[in-house]
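K.L.:
Okay, here's the structure, questions in a sec.
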Amino acid sequence: MDKRFTMGRNSTWLGIAGVILLFSAALLCGCTSTSPQGTTEQATPVLSPTGENVTGGAQDGDMVEVDYVGTLENGTEFDSSKKTGPFSLILGSGGAIPGFDKALHGMKAGESKKFTLAPDEAYGQYDPARVVDMPIDFIPKGENATVGQRVTLFDGGQLFQATVKDLNATNVTFDLNSPLAGKTLTFDVTVRNITPIDIVSENQSEQKENNLSEKKE
């Protein structure tokens, strides 16, 4: 899933000066860059104590596990949990694009829904200001970057993806927009499991206690 890059024009220029370019084969335009992920890291799935689906409408703080298929306006499939596995998120945490998160509210385990998101509820409008030119030295020596390749940039503790739009002997042009920016998206989703907020909180508290114990040891 592509994380939205929300810097404005000025901060883009300030932040991009300190980026470290990291290449990864897994970051080609595929399921890892187009799933409905938001700005936070994907949460680790938590099962209910009985291992069974929890009934009741999903609400903020609940962990929801879904299967989904995403398509463009022309019907082209751009992503599917059939390729990546079920997608888990805590509602209201920013772990998914806004419209995707909103559509899951009130759904129950086993329920299916189809919905369409305008760009502003998905990956935003395409912003020409997010196309930036940088010195060719930003590409590490020995790396054979090509036009159209997806890469990962690091800035201020955050990783975000970019596309190599153009390059020559002295400069490289990065497109910081998501490949899905400006596009209307349709999702078919089925809720597999809902873990209520109180169980999620309990598991998170236990995990923190375990981490503290490990540090003390």
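The values are calculated or read from the model by the stated rules, or taken from the named source; none is laboratory data. It should be emphasised that the depicted structure is a prediction, and the values quoted were computed from it without experimental measurement. Here Cβ is always computed from backbone atoms with ideal geometry, including for glycine, and neighbour counts include all displayed protein chains.
Okay, residues lined up against (1) closer than 12 Å to Asn193 by Cα; (2) in contact (Cβ under 8 Å) with a residue 12 or more places away in the chain; (3) hydroxyl-bearing (Ser, Thr, Tyr); (4) assigned to a strand (DSSP E or B):
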site: Gln59; (1), (2), (3), (4): no, yes, no, no
site: Asp67; (1), (2), (3), (4): yes, yes, no, yes
site: Ser88; (1), (2), (3), (4): yes, yes, yes, yes
site: Ser93; (1), (2), (3), (4): no, yes, yes, no
site: Met107; (1), (2), (3), (4): yes, yes, no, no
site: Gly110; (1), (2), (3), (4): yes, yes, no, no
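K.L.:
State which residue is farthest from Asn168 (Cα to Cα) when the search covers only segment 101-141 and only residues that are of a type in the set (A, V, I, L, M) and in contact with a Phe, Trp or Tyr (Cβ under 9 Å, 6 or more places away or on another chain). Write out each step before concluding.
P.N.:
Restricting attention to segment 101-141, the residues satisfying the condition of being of a type in the set (A, V, I, L, M) are 103-104, 107, 109, 117-118, 122, 129, 131-132, 134, 136, 139.
The next check asks that each one be in contact with a Phe, Trp or Tyr (Cβ under 9 Å, 6 or more places away or on another chain); those that pass are 103, 117, 122, 131-132, 134, 139.
Numbers: Ala103: 44, Leu117: 37, Ala122: 33, Val131: 16, Val132: 14, Met134: 11, Ile139: 12 Å.
Among residues in segment 101-141 that are of a type in the set (A, V, I, L, M) and in contact with a Phe, Trp or Tyr (Cβ under 9 Å, 6 or more places away or on another chain), the one farthest from Asn168 (Cα to Cα) is Ala103.
K.L.:
Out of (1) under 30 Å from Asp198 (Cα atoms); (2) modelled with pLDDT of 95 or more, what's the single condition that is false for Thr71?
P.N.:
Condition (1) is where Thr71 drops out.
K.L.:
Filter segment 112-125 for residues that are in contact with a helix residue (DSSP H, G or I) (Cβ under 8 Å, 6 or more places away or on another chain) and not in a helix (DSSP H, G or I); which is surrounded by the most Cβ atoms within 10 Å (Cβ to Cβ)?
P.N.:
Ala122
K.L.:
Same structure, new question: Within segment 153-188, which residues are in contact with a helix residue (DSSP H, G or I) (Cβ under 7 Å, 6 or more places away or on another chain) and of a type in the set (Val, Ile, Thr)?
P.N.:
Matches in segment 153-188: Thr170, Val172, Thr184.
K.L.:
Just to verify a result, which residue in segment 57-94, among those that are buried (at least 16 other Cβ atoms within 10 Å of the Cβ) and of a type in the set (D, E, K, R), is nearest to Leu117 (Cα to Cα)?
P.N.:
Here the residue is Asp79.
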